[in-house]
Amino acid sequence: MGYQTDRPRAADIEEQIGLLNTQNARKRTRRKIVYTTLGALALLTIAVVAFTVPTPRTHKRNLIIMISDGFGPASETYGRSFFQFINNLPENYTTPLDDILVGASRTRSSDSLVTDSAAGATAFSCALKTYNGAIGVDPSGKPCGTVLEAAKARHMHTGLVVTSRITHATPGAFSAHVLNRNEEEAIAVQQIGDNPLGRTVDLMFGGGACFFLPNTTVGSCRSDERDLFTEAGKYGWSIMKSRAEFDQLSADKTQLPLMGLFASDHMDYEIDRDPNRQPALHEMAEKALAILDQHSDNGFFLMIEGSRIDMAAHTNDPAAHVHDILEYHRTVQIVLDYVNSHPDTVMISVSDHETGGFTLGLQINETYPDYIWYPQVIQAVTNSTESLARTLCQRTWYFRSN
Ligand SMILES: [Zn+2]
């Protein structure tokens, strides 16, 4: 039975978990890999292929949702062309996402022609369309059950792996319920387990430590004095804040729940990332898979987001954009390898919207539509505009004060 839809929804996913759990007589396991992406204004998408592979039955039931945030068709074309160019690959090169393209999804907002990340993520997590800014709530502001919470209710383990603040819109919409995405202080509180459902998240890797620190601490971005790292202890969390601690983790000795926040704010763009200070998305995903695989007798749910693909497009920073896309591709390949060796795992890769109005070609004259673009220009860039701006601001401060 194939998974064929133009609207992959969390409810469908949840239904699939149920099907996997009940169809014990079947000797076949389906692997459904959905890659979708949404053109922001056109409110449409791409993607999907469902395929069937005969495999022996096992008892694990794992669901992995990958989200390439702010990533439309032009971005995938860009990532493919750039990678092909810099590695001198043949013109028929395809990316790990191209290879699993199967269909389309719709993430439209209930109050805007252009969907934001909060409404987009809530479309995935709760299977309903809601207003821009909504985190796990419907258009009336009522909390909606998320697929992560449903997995937890089935005694599965749950994880969030992102490169944004862990309290940002996408991870927030799977693990919290607030009326506005800017309520990141409340999202952090709910994520550690202080909410009516109790703790529903078992593993969190990403950035955003500042929302867990009391306002009496340097580097806090809370308005109150709550020390969520200390409070998290009441809910059993182990906490990591450094690359060194991350490297020392071994899957079999790790205790859940586990929180690894490797930056005060968002983690760095891949183009800027210092590998001695922050792990890459693919490294966090690989470690999360190893840990969840080891500990989850009832299977697991894992959401992995290439969060900053979106932000680089928002700021029209093509070099930062493409390096985060290529890192997402690396992560997709690692997850695909896991799926291939763990047949009762379902992986879906999907995008919420497109940002930045990204386009590739430049028409070089008025009379004939010849288009050009030069990957070598982007290849020469070694920092994001965000990092360059930070450096310039520091220098301005230096000159002003000297
Ligand atoms: Zn987004």
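The values are calculated or read from the model by the stated rules, or taken from the named source; none is laboratory data. The shown structure was predicted, so the numbers you read here are calculated from the model rather than taken from an experiment. Heads up, the Cβs are rebuilt from the backbone with ideal geometry, glycines too, and the neighbour counts pull from every protein chain shown. Only protein heavy atoms, including side chains, enter the accessible area calculation; ligands, DNA and RNA are left aside. Shrake-Rupley method; radii C 1.70, N 1.55, O 1.52, S 1.80 Å.
What FRET efficiency do you get for residue 225 and residue 85 if R0 is 60 Å and r is their Cβ-Cβ distance, rounded to the nearest 0.05? All intermediate terms of the calculation are to be shown ahead of the outcome.
Details: r = 52 Å, r/R0 = 0.87.
The formula returns an efficiency of 0.70 here.
On the protein heavy atoms, probe 1.4 angstrom, tell me the percent of accessible surface of region 269-402 carried by carbon and sulfur. List each step's numbers first, then the result.
Working: 3370 of 6510 Å².
Accessible surface attributable to carbon and sulfur in region 269-402 totals 52 percent.
Post the alpha-carbon centroid distance, region 63-122 to region 326-386, in whole angstrom.
7 Å
Could you give the length gained on full extension between residue 388 and residue 294, defined as 0.36 nm per residue of separation minus the Cα-Cα distance, in nm? Walk me through the numbers on the way to the answer.
Numbers: separation 94, 0.36 × 94 = 33.84 nm, distance 4.14 nm.
Working it through step by step, the gained length comes to 29.7 nm.
How much length is gained on full extension from residue 341 to residue 365, taking 0.36 nm per residue of separation minus their Cα-Cα distance?
Working: separation 24, 0.36 × 24 = 8.64 nm, distance 5.14 nm.
Full extension of this stretch gives 3.5 nm more.
Can you compute the charge dipole magnitude of region 211-259 about its Cα centre, using +1 on each Lys and Arg Cβ and -1 on each Asp and Glu Cβ, nothing else charged? Give it in debye, rounded to the nearest 20.
Working: 6 positive and 7 negative charges, 8 e Å.
So the dipole magnitude of region 211-259 works out to roughly 40 debye.
Pairs 142/241; 129/241; 152/287; 129/287: which exceed 26 Å Cα-Cα?
Values: 142/241 34 Å; 129/241 35 Å; 152/287 20 Å; 129/287 33 Å.
Checking Cα-Cα distances, 142/241; 129/241; 129/287 exceed 26 Å.
Using the per-residue mean of other Cβ atoms lying within 10 Å as a proxy for protection, in what order, highest first, do the peptides 313-325, 336-348, 223-235, 81-93 fall?
Values: 313-325: 23.1, 336-348: 18.8, 223-235: 15.1, 81-93: 12.5.
Ranked from most to least packed, the peptides come out as 313-325, 336-348, 223-235, 81-93.
Which of the peptides 241-251, 181-191 is most tightly packed, and how do the rest follow, going by the mean number of other Cβ atoms within 10 Å of each residue?
Details: 241-251: 13.3, 181-191: 22.5.
The densest-packed peptide leads the list: 181-191, 241-251.
Find how much the distance from residue 250 to residue 381 grows on full extension, using 0.36 nm per residue of separation minus their present alpha carbon separation; answer in nm with one decimal. Intermediate results must be reported in sequence, preceding the final value.
Values: separation 131, 0.36 × 131 = 47.16 nm, distance 3.58 nm.
That works out to 43.6 nm of additional length.
In Å², what does the accessible area per residue of region 207-283 work out to with a 1.4 Å probe?
Working: 3620 Å² over 77 residues.
Value for region 207-283: 47 Å² per residue.
Per residue Cα convex hull volume for region 265-402, in cubic angstrom? Walk me through the numbers before you get to the answer.
Working: hull volume 25.2 nm³, N = 138.
Value for region 265-402: 182 Å³ per residue.
Give the long-range amide H neighbours of residue 226: residues separated by 5 or more places, or on another chain, with amide H under 5 Å away, using H modelled in the peptide plane at 1.01 Å from N.
215
Once you order the gyration tensor axes a ≥ b ≥ c over the Cα atoms, which shape class does region 143-259 get: rounded for a/c under 1.5, otherwise prolate or oblate by comparing a/b with b/c? Walk me through the intermediate numbers first.
Working: a/c = 1.59, a/b = 1.02, b/c = 1.56.
Note, shape of region 143-259 comes out oblate.
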